[in-house]
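Enquirer: The structure is given below, and queries will be raised subsequently.
Please treat every number below as a calculation from the coordinates, not as lab data. Everything numeric here is computed off the predicted structure, so don't read it as measured data. Cβ atoms come from the backbone with ideal geometry, glycine included; neighbour counts cover every protein chain shown.
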Amino acid sequence: MSSGEKVHFIGAAGFGVSALAQFHVMGGGTATGSDRAFDGGASAELRAKLEKLGIVIFPQDGSALDGTHAYAVASTAIEKDNKDLERARALGLRLIHRADALSAYVAAHKTIAVAGTSGKSTVVAMIFEILEGAGLSPSVITGGALTSLERRGLVGNAFRGASDWLVVESDESDGTLVRYRPWLGVYLNVSKDHQDLAELERLFAVFRGNSTEWLDASALKAGRVELGPAGSRFSYGGQDFVLPVSGLYNVENALAAIAAASQAGVSLPDCAKALAGFQGVSRRFERVGASRGVEVVDDFAHNPAKVAAALAAAHLRAARVLAVFQLHGFAPARFMKAEFLDAFAAGLGPDDVLWLPEIFYAGGTAAKDISAADYARELKARGKDVRFSADRAAIPGDAAREARPGDLILLMGARDPSLPRFARDLLAALGR
């Protein structure tokens, strides 16, 4: 893949594809992109940032492809009857899967690839900030927006540094992480998410075999752990660390980042310095604001383990949690139903309240044979205060009326690009 080529990116509102589009133009290439979300008027802020980088956005009707592209990139999420795909085939244009495009970058760099069902985006961000703080000028391609990059006016999920170092997130959701052959493979954890445990463990075993060096971060242990409402303290390798993000899971994330950066030659004191100023990742337990003594936090939690971790972190900040959880698809809602129900049954306190809007539908041919109302009914049977809301727009007002000083409102969910705006709606409702 030549950096000077013209490439079309199908599904450019998706974080995986948008990161590749940005990385391509940051390397001197030319890019066009399309997405049905853009066609519907969604993700306007993302579109503006992509266009600012020089990526030309077209309607997803095949009109972008005029015979001048070297190839097109698409992900597993793109359906076979997509108009851009049909046009590409008609032109005989080479089609490259998102994972194959990423694997080419992995092979061309000294890459640290992070895998696991929880924590990947945060660990990638931590490693990137440590390497950058140590003067190694790394690059990054990931699935979450780094706040440090957003503050530079970028989307936040891609950046090209001046060195051969690259940090990437290896996605197990569609099994494509087996295509990557990194210098260092970092394994975080495994829990049911997208696929059953046996298949996930098989995928991670293949990923390990493809990695020149290997780090099993699940075996790392911190000393003198102190968990606070706004951050944590711990020690590792004789070095003390202060972490400005809360939750035991973020201590575990930091351990993985420290060990990976150490393998890259960064000293523990330099790791500690960088992590003390860690700026976080968008929608990873992100504080939206506070009003009337009630804090609002937005989180990407979308599998049972992440829900459990987010609820535990919320209870470090507030005795009472008012949670809103939007299931991110009908297939995940079916596949992980038992585990989700167990996570909420264990994680919700006796005074907590949970609102469940209807399952997010991104389009396509998904069977709509399950509802968030089914979750609400079963959790009520377990003694939890759970409220199904067919009209999501009613939830901010309901939560504001329920809230009292000292509470924390926690929004959880993925895939839906409107969730950050909905988090702001929750905060605004408190003010009213």
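Enquirer: Taking the square root of 5 times each eigenvalue of the Cα gyration tensor, what semi-axes in Å does the equivalent ellipsoid of the chain have, largest first?
Expert: Values: eigenvalues 218, 159, 80 Å².
Ellipsoid half-lengths, sorted descending, are 33, 28, 20 Å.
Enquirer: For Leu248 and Lys337, calculate 0.36 nm times their separation in residues minus their Cα-Cα distance, and state this gained length in nm to one decimal.
Expert: 29.6 nm
Enquirer: Does the stretch 42-83 classify as rounded, prolate or oblate by the C-alpha gyration tensor (a ≥ b ≥ c root eigenvalues; a/c under 1.5 gives rounded; else a/b over b/c gives prolate, otherwise oblate)?
Expert: The shape class here is oblate.
Enquirer: In terms of the Cα gyration tensor, with a ≥ b ≥ c the square roots of its eigenvalues, is the stretch 139-183 rounded because a/c is under 1.5, prolate because a/b exceeds b/c, or oblate?
Expert: Here the stretch 139-183 falls in the oblate category.
Enquirer: For the stretch 273-432, report the % of Cα-Cα distances exceeding 21 Å.
Expert: Within the stretch 273-432, distances greater than 21 Å cover 42 percent of Cα pairs.
Enquirer: Now for a separate question. What is the antiparallel percent of DSSP beta bridges lying wholly in the stretch 109-276, to the nearest 5? Walk me through the numbers before you get to the answer.
Expert: Values: 11 of 27 bridges.
So the antiparallel bridges amount to about 40 percent of the total.
Enquirer: Suppose every K and R has +1 on its Cβ and every D and E has -1 on its Cβ; what is the size of the dipole of the chain about the Cα centre, in Debye to the nearest 20?
Expert: With Lys and Arg at +1 and Asp and Glu at -1, about 440 debye.
Enquirer: Report the percentage of all Cα-Cα pairs in the stretch 109-276 whose separation exceeds 23 Å, rounded to a whole percent. It would help to have the intermediate numbers written out before the result.
Expert: Details: 4971 of 14028 pairs.
Beyond 23 Å sits 35 percent of the P(r) for the stretch 109-276.
Enquirer: What spacing in nm lies between the two simple spin-label points modelled at Ala70 and Arg208, each 7 Å away from Cα in the Cβ direction?
Expert: 3.7
Enquirer: Amide H neighbours of Gly143 under 5 Å, counting only residues 5+ apart in sequence or on other chains, H built in-plane at 1.01 Å?
Expert: It is Glu169, by chain and number.
Enquirer: Right, here's the next one. Translational diffusion coefficient of the stretch 351-429 at 25 °C, 0.890 mPa s, Stokes-Einstein with Kirkwood Rh over Cα pairs, in µm²/s as a whole number.
Expert: D = 177 µm²/s.
Enquirer: As a test, work out the antiparallel percent of DSSP beta bridges whose residues both lie in the chain, rounded to the nearest 5.
Expert: Approximately 25 percent, going by the DSSP bridge assignments.
Enquirer: What is the gain in length, in nm to one decimal, between Asp61 and Glu402 on full extension, counting 0.36 nm per residue of separation less the C-alpha to C-alpha distance?
Expert: 118.2 nm
Enquirer: Quick one: length gained pulling Arg181 to Leu95 fully straight, 0.36 nm per residue minus the C-alpha distance?
Expert: Length gained between Arg181 and Leu95: 28.9 nm.
Enquirer: Calculate the length of the line joining the C-alpha centroid of the stretch 1-67 to that of the stretch 239-295, in whole Å.
Expert: So the separation of the two Cα centres works out to 31 Å.
Enquirer: While we're looking at this one, here's another question. Quote the charge dipole size of the stretch 291-429 about the Cα centre in Debye, to the nearest 20; the model charges only the Cβ of Lys and Arg (+1) and of Asp and Glu (-1).
Expert: In total the dipole reaches around 40 debye.
Enquirer: Which ³J(HN,Hα) values, rounded to whole Hz and listed in residue order, are derived for the stretch 225-231 from phi using the Karplus coefficients 6.51, -1.76 and 1.60 in 6.51 cos²θ - 1.76 cosθ + 1.60 with θ = phi - 60°, glycine and proline given as x?
Expert: These are the phi-based 3J(HN,Hα) values: 6, 10, 9, x, x, 10, x Hz.
Enquirer: Now for a separate question. Can you give me the distance in nm between label points at Ser137 and Ala198, each placed 7 Å from the Cα along the Cα-to-Cβ direction?
Expert: 5.0
Enquirer: Continuing with the same structure: What does the convex hull of the alpha-carbon atoms of the stretch 6-97 project to on average, in nm²?
Expert: Convex hull of Cα atoms, orientation-averaged projection: 5.1 nm².
Enquirer: Okay, moving on. What is the calculated FRET efficiency for Arg424 to Asp369, with r their C-beta to C-beta distance and R₀ = 45 Å, to the nearest 0.05?
Expert: Once the sixth-power term is evaluated, E becomes 0.85.
Enquirer: Whose amide H sits under 5 Å from the amide H of Phe388, counting only residues 5 or more places off or on another chain, with H placed in the peptide plane?
Expert: The answer is Leu356.
Enquirer: Apply 1/(1 + (r/R0)^6) to the Cβ-Cβ distance of Lys221 and Ser191, taking R0 = 22 Å, and write down the FRET efficiency to the nearest 0.05.
Expert: After rounding to 0.05, the efficiency reads 0.70.
Enquirer: What is the set of long-range amide H partners of Asp352 at a cut-off below 5 Å, with H atoms built 1.01 Å from backbone N?
Expert: For Asp352, whose amide H was placed from the backbone, the distant partners under 5 Å are Val321.
Enquirer: Using only DSSP helix segments of four residues or longer, with each worth -39500 (n - 2.57), what per-residue ellipticity at 222 nm results for the chain after dividing by its residue count and rounding to 500?
Expert: Taken over the chain, the calculation gives -11000 deg cm²/dmol.
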